[in-house]
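One structure is given here, and the rest of the page talks about it.
The values are calculated or read from the model by the stated rules, or taken from the named source; none is laboratory data. Being a predicted model, the structure only gives us computed values, none of them experimental. Neighbour counts run over all protein chains shown; Cβ positions are idealised from the backbone, glycine included. Just so you know, the surface numbers come from the protein's heavy atoms only, side chains and all, with ligands and any DNA or RNA stripped out. Shrake-Rupley method; radii C 1.70, N 1.55, O 1.52, S 1.80 Å.
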Amino acid sequence: YPTDPKLGNWVRTQRHQYQRMQKGETSTMNTGRIELLEGLAFQWSYCEETRYEKGWYAQFKRLAEFHRIHGTTTVPQKYPTDP
């Protein structure tokens, strides 16, 4: 995706306002906005663990494809990178 700091800041603000609302603090978040964002499968929290999970599943998909092609999960240590 192209870099868009304004959008990234806006998303961070939505997450922050949601957390404030969850704590019972003053917030600009409301149920209508929550429904709209959740309609896009919005992730209310994002952390390194989420990034790690995406990487883990990407590698798992690669292993599944290797297994489909070769019938094994014994991948050589110097297996070439994807095309």
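Some observations on this one:
- For ALA41, the test of being small (Gly, Ala, Ser), open to solvent by less than 100 Å² (accessible area, probe 1.4 Å) and not in a helix (DSSP H, G or I) is passed.
- GLN59 open to solvent by less than 70 Å² (accessible area, probe 1.4 Å) and within 21 Å of the chain's Cα centre (by Cα): no
- Residue within the range 58-77 that is among the aromatic types (Phe, Trp, Tyr), out of contact with any Phe, Trp or Tyr (no Cβ under 6 Å at 6 or more places or on another chain) and either part of a helix (DSSP H, G or I) or at pLDDT below 90 (or both) present: yes
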